[in-house]
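First up is the structure itself, then whatever we jot down about it.
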Amino acid sequence: MKTLFHLWARIFAAIYGGEGINVPLMFMPTKVIAPTLRRYGASIGQRVRFRSPLVIHNSAAERNRYYKRLEVGDDCYFGRELFLDLQDKIVIEDHVTISHRVMILTHTDAGTSPLKDYVIAPSQAPVIIRRGAYVGANVTILEGVEIGESSIVGAGAVVTRSVPPSTVVAGVPAKVINGVGFDQGEIRRLRATK
């Protein structure tokens, strides 16, 4: 079955480029997604689980390196219906959990709208999600944001600004509502006792 999905991805990539791989990513089993992303240029750590469907937008034009702007550390989990915009780099460090229906956007472009010239200038910047962070369901993370180590982003939040380490944010736009209650050293000690 793994071979079938790899063949399917290869055919769609040959015809449509990186965006074509989205078709098999809609149906791929969890165990096949990370190796497929690696095959097309992503840096994916060990024990990483992506749940399908997964959509990747703005992949690079370089053949077989379509996902070179995606870096994921070890022991990460990604829920269903994840949307990744790879116009710029997305870096996700170790032990991060990203829940269902999360959108990570690295650029803004109003396209053909006349607003593009006067109100919404095109822009792009990387998104970084630091070690041990948790991103709840239906969160949107905008370009240039860094989610701090061991932070929590509440479900449904729209993150427009960077989040400090060990902080809980929620809302639209996301605002600090609390601290996690542990500093990074305490969290690392707890993790080491598992």
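The values are calculated or read from the model by the stated rules, or taken from the named source; none is laboratory data. Note that the structure is predicted; figures quoted are calculated from it, not measured. No Cβ is skipped: glycine too gets one built from the backbone with ideal geometry, and neighbour counts run over all protein chains shown. Note: areas computed on protein heavy atoms with side chains; ligands, DNA, RNA excluded. Shrake-Rupley method; radii C 1.70, N 1.55, O 1.52, S 1.80 Å.
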Rounded to the nearest 20 Debye, what is the dipole magnitude of the chain about its Cα centre when Lys and Arg each give +1 and Asp and Glu each give -1 at the C-beta? 740 debye
Using the Kirkwood formula over every pair of different C-alpha atoms, what hydrodynamic radius in Å results for segment 1-109? 13.6 Å
For segment 69-118, which whole-number percentage of the solvent-accessible area (1.4 Å probe, protein heavy atoms only) is attributable to carbon and sulfur atoms? 46 percent
Semi-axis lengths (Å, descending) of the ellipsoid that matches the C-alpha gyration tensor of segment 88-149: 27, 12, 7
For segment 74-157, what is the percent of antiparallel DSSP beta bridges, rounded to the nearest 5? 10 percent
What distance in nm separates the two pseudo spin-label positions at T30 and I15, each 7 Å out from Cα along the beta-carbon direction? 3.0 nm
Mind checking the per residue accessible area of the chain for me, 1.4 Å probe, whole number of Å²? 51 Å²
Determine ³J(HN,Hα), in whole Hz, for all residues of segment 69-79 in sequence, where each value follows from phi through the Karplus function 6.51 cos²θ - 1.76 cosθ + 1.60 and θ = phi - 60°; x replaces Gly and Pro. 8, 10, 10, 10, x, 7, 6, 9, 10, 10, x
Applied in sequence order to segment 33-45, the curve 6.51 cos²θ - 1.76 cosθ + 1.60 (Karplus, θ = phi - 60°) yields integer Hz couplings, x standing for Gly and Pro, of 5, 4, x, 5, 4, 4, 4, 9, x, 6, 9, 10, x
Could you give log10 I(q)/I(0) at q = 0.13 Å⁻¹ for the chain, computed by the Debye formula over C-alpha point scatterers of equal weight, without solvent? -0.70
